[in-house]
Amino acid sequence: MSVQHDAALRRAVTEDARWIRETLSRLVRIPSVNPKFEQDPALNREAAVQDVIEAELHALGFATCREEALPGRPNVIGAWPGAQAGSLALCGHVDVVPVGDRSAWTTDPFGAELRDGRLYGRGSGDMKAGLVACLAACRAIRAVGITLAARLEFHAVVDEEAGGFGAMQAARRVPAPEAVLVAESSGGAIRPWAGGLDWVRVVLRGRNGHSSRRFASIYPASAEALAGIPVRSVNALELGARLLAAVQALEAEWGRDKRFPGMPPGMNTISPGVMVAGVGLGPDCLPSVLSNPGIVPDTCVLDFDLKFLPDEDAAAIRREFEAAIARFAATDPWLREHPPQVIWNLYGLHFPPVNTPADHPLVLALAGAREDAGLAVRLEGMLGVTDAAHYAALGIPGVVYGPLGANAHGPDEYVVLDSVLESAQVIAQAVLRHCGSTSR
């Protein structure tokens with residue numbers, strides 16, 4: 001690849017610094033909270049963000065289209081024409097999580113305040129900065145006058161924060177790109193690996209009864225002494241507490257025995273996130289009565305966030321988890337007759353693992369771009385999940401690469417502006433390396 005082209009691309013991005021800052025500020029000031037978390041027309045403005053992105057893509061000569069991934073929630077897809085061999089998609093999501101406790105913020109969550117080289121605001125790092133870096137990379141390619149040999153696509157998608165249904169739809173487009181670069185914040189690290197993620201629910205059923213008769217269920221007594229006591233109860237909440245301990249033992253076993261290079265030991269956790277107990281079982285597999293501790297609960301529901309390694313098979317992991325639940329149930333006389341129910345795809349969420357080879361052309365393109373810019377090259381795994389998972393599920397290798405951000409999903413989220421420029425420069429050079437050029 002031409003050293004002259006590399007230098008020209010870096011220079012074009014540097015000269016675009018004001019556009020980068022202003023465009024990122026503009027996007028952060030448009031609240032685009034995922035409506036699955038908080039419904040408010042003033043906050044659920046994904047389409048308005050897409051308006052800005054689509055206009056920028058049009059100005060760069062991309063052919064664009066809108067596709068509703070969910071009602072009223074459009075993806076924007078852009079494409080520069082070119083060959084299939086070497087084709088690439090740049091991907092980012094426009095939805096953000098809710099602000100949370102506004103009193104914990106020292107800035108306006110949607111104010112895009114600049115302070116000490118940082119731009120603050122919900123979605124600044126996660127991940128509107130990545131989208132702007134990709135746009136800036138495309139602007140640099142056009143400014144330098146490069147025509148790519150392979151097709152370059154731009155996927156601005158919705159719903160990553162609640163399952164990735166936007167990326168699922170975008171990844172199904174035909175013909176599919178040969179690779180995808182997801183510009184989530186990575187602090188300049190190249191991340192070709194990510195573990196898989198499942199949300200799984202376990203439902204335990206006991207037998208309800210009056211709390212005043214609890215003693216008959218927990219203390220030994222003769223049949224004569226219990227002759228006048230109604231049927232004994234089985235406390236599902238206590239069963240749930242014991243099941244939780246069994247799952248924690250499985251988690252410790254996985255953390256001890258399983259490893260993946262580039263990922264910290266023990267990242268494959270089974271995190272308990274919700275535990276609800278009460279009486280009855282509604283159509284949503286949650287207890288119907290939650291407000292009467294005088295009734296021994298007959299239903300306990302536990303929801304887990306289960307992570308597994310990049311080289312593990314999702315179906316095999318599910319079998320391991322279910323086998324552990326079955327072993328636990330076999331230790332209890334009640335549960336042997338009333339086994340727990342395991343429910344997968346909770347709320348439709350499932351992120352397959354990403355295991356892109358370290359010598360994949362996109363990894364090499366990013367590494368080469370950083371080397372030529374005099375930047376350190378660091379390959380590592382992604383601890384969180386991203387939309388790269390949904391491309392990987394369809395056989396499209398993905399890599400996460402983007403700016404340096406902090407406090408994602410928390411108060412005072414920010415991105416370092418200089419890192420947005422650096423990311424744009426590296427992405428522009430990597431696109432050229434991956435897609436090739438017809439320009440002399």
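Rule-based calculations on the coordinates, nothing more; no lab input. None of the values given here were measured: they were computed from a predicted structure. Every residue, glycine among them, receives a Cβ derived from its backbone with ideal geometry; neighbour counts consider all protein chains shown.
General observations
- Sorted by Cβ neighbour density within 10 Å, fewest at the top, the residues S185, S437, S212: S212, S437, S185
- Taken over the range 75-182, the convex hull of the Cα atoms encloses 107 Å³ per residue.
- Kirkwood radius and radius of gyration were both taken over the C-alpha atoms of the range 277-363, and their ratio Rg/Rh is 1.14.
- Ranked list, fewest to most other Cβ atoms within 10 Å of each Cβ, for Y347, Y391: Y347, Y391
- Ranked by how many other beta carbons lie within 10 Å on average, peptides 20-31, 258-269 from highest: 20-31, 258-269
- Mean sequence separation of contacting Cα pairs (under 8 Å, at least six apart), scaled by the length of the range 196-350, corresponds to a relative contact order of 38 percent.
- Between the range 333-411 and the range 170-185, the Cα center-to-center distance that results, in Å: 13
- One entry in (1) 1.15; (2) 1.50; (3) 1.39 is Cα Rg over 2.2 N^0.38 Å calculated from the shown coordinates; its label is (1).
- Between A424, A388, A369, the Gaussian network model of the chain with springs among Cα atoms under 10 angstrom shows the greatest mean-square fluctuation at A369.
- For the range 24-98 versus the range 188-203, the gap between their alpha-carbon centres in whole angstrom: 23
- The HN-Hα couplings worked out from phi for the range 350-361 by the Karplus form 6.51 cos²θ - 1.76 cosθ + 1.60 (θ = phi - 60°) are 7, 10, x, x, 10, 9, 6, x, 5, 9, 5, x Hz, whole numbers, x standing for Gly and Pro.
- Relative contact order [Cα under 8 Å, 6+ residues apart], the chain, whole percent: 25
- Cα-based helix-to-principal-axis angle, 314-330 vs the chain, degrees rounded to 10: 20
- For the chain, the longest principal axis of the alpha carbon atoms and the long axis of helix 236-257 meet at an angle near 50°.
- Debye intensity ratio I(q)/I(0), log10, the range 196-350, q values 0.17 Å⁻¹ (C-alpha model): -0.98
- Spin-label model distance (nm) - D51 vs E322, 7 Å beyond Cα toward Cβ: 4.8
- Neighbour-count ranking [beta-carbon atoms within 10 angstrom, fewest first] of R207, R191: R207, R191
- Counting DSSP beta bridges with both ends in the chain, the antiparallel % (nearest 5): 75
- Rg/Rg_globular for the range 32-76, with Rg_globular taken as 2.2 N^0.38 Å and Rg from C-alpha atoms: 1.25
- Rounded to the nearest 10 degrees, the inclination of helix 17-28 to the longest alpha-carbon principal axis of the chain is 30 degrees.
- The DSSP beta bridges internal to the range 1-111 are antiparallel in roughly 90% of cases.
- Neighbourhood charge, 12 Å Cβ-Cβ cut-off, centred on I396 and excluding it, Lys, Arg +1 and Asp, Glu -1: -1
- Computed across the range 9-156, the Kirkwood radius stands at 16.2 Å (inverse of mean 1/r, all Cα pairs).
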